[in-house]
1. Being at pLDDT 90 or above and out of contact with any strand residue (DSSP E or B) (no Cβ under 9 Å at 6 or more places or on another chain) is true for just one of Ala74, Ala58. Which residue is that?
2. Whether any residue in region 216-229 is under 18 Å from the mean Cα position of the chain (by Cα), outside any helix (DSSP H, G or I) and among the aliphatic types (A, V, I, L, M) is what I want to check.
3. Can you find a residue that is over 23 Å from Gly132 (Cα atoms), of a type in the set (Ser, Thr, Tyr) and not assigned by TED's automatic domain parsing to the domain that holds Leu32 anywhere in region 222-232?
4. Going through Ala223, Ala262, Ala257 one at a time, which residue ends up being closer than 20 Å to Ala196 by Cβ and modelled with pLDDT of 95 or more?
5. When only residues in region 190-215 that are part of a helix (DSSP H, G or I) and of a type in the set (D, E, K, R) count, which is farthest from Val93 (Cα to Cα)?
6. Going through region 25-42 one residue at a time, which ones are part of a loop (DSSP other than H, G, I, E, B) and within 14 Å of the chain's Cα centre (by Cα)?
7. I'd like the full set of residues that are in contact with a Lys or Arg (Cβ under 9 Å, 6 or more places away or on another chain) and farther than 26 Å from Leu233 by Cα, limited to region 16-46.
8. So, in region 133-180, how many residues would count as being among the acidic types (Asp, Glu), more than 19 Å from the chain's Cα centre (by Cα) and surrounded by fewer than 23 Cβ atoms within 10 Å (Cβ to Cβ)?
Amino acid sequence: MREPGTLTARDVLARYPNLRDDHLRYLERWGLVRPVRAGSTRTYGFADLAVIRQAASALASGVAFRTVVRQIAAERAGQLTFDFRHDTEPARVVTLQPRPRTKPQTGIGGPSEDAISRAEALFLEAAALDTGNEADAERAEWLYRQALEADPYLVAALINLGNLHYARSRLAEALALYDQAAALAPDYFEAHYNRANVLHDAGRLEEACEAYETALRLNPQHADAHFYLAVTLEKIGRSARARPHWEAYRRLAPDGAWAELAREFTDGT
């Protein structure tokens, strides 16, 4: 049962028909609203509802949503920490691809061939469990750790173990693993993309932009990386640099969750 004076996302959208769900989720990514989550239900409290009313009123007056966000953020700067961790999905490695190793694999200084094979088998077992089900997350984490004990250079295990830390808001631990993965295998998109998400959540926005840009050089077709880079650039006042990434998201994900929002940030600007 929700607290008196609160509204669910469904209630908010019914009360303010000029707001859409992607508007609400974008306000959340900026840290301008902080709903309580219970499964897929988001419940907004008094402080959130004040921001939501302000946004709805501005939209009703014909103000562009991008301008609404910037105005509210400017008013609230210094009162909050921007945060979009709530439903950001890290990139997960699900299969092992043959690739050159960056460290010796046999003899002194590297794992044996048997250890490498064992590590890869443990990784695949962990990845099969690592599907977002909290009940399986502990077992998956243990298996990734066992894989890394056998082969400390198994980058895929570093990345996926980092994801499990990230899901539990252990940002320092996640970042250390992503840093290690990126150093061992600079061509792993997932390491740079996930690292960028953590840097953003830690408030290191300039570094986050650099990490997103590195990720996009490796995989320019990744729509969400364009979206999150656009968000981060907007937050540091670089709207002109953000625009091509809004446009890229529209092109790559015309039916994506943020397509309409991306249109609002590009049309007429």
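The values are calculated or read from the model by the stated rules, or taken from the named source; none is laboratory data. Since the structure is predicted, the reported quantities are computational estimates derived from the model, not experimental observations. Every residue, glycine among them, receives a Cβ derived from its backbone with ideal geometry; neighbour counts consider all protein chains shown.
1. Only one candidate passes the filter, namely Ala58.
2. no
3. Yes.
4. On inspection, the qualifying residue turns out to be Ala223.
5. Glu206
6. Trp30, Gly31
7. Of everything in region 16-46, those that are in contact with a Lys or Arg (Cβ under 9 Å, 6 or more places away or on another chain) and farther than 26 Å from Leu233 by Cα turn out to be Tyr16, Val36, Ala38, Thr41, Arg42, Thr43, Tyr44, Gly45.
8. Initially, region 133-180 is screened for residues among the acidic types (Asp, Glu), giving 134, 136, 138, 141, 149, 151, 173, 179.
Imposing the further condition that a residue be more than 19 Å from the chain's Cα centre (by Cα) reduces the set to 136, 138, 141, 149, 151.
Right, trim to surrounded by fewer than 23 Cβ atoms within 10 Å (Cβ to Cβ) and you get 136, 138, 141, 149.
Qualifying residue count for the region: 4.
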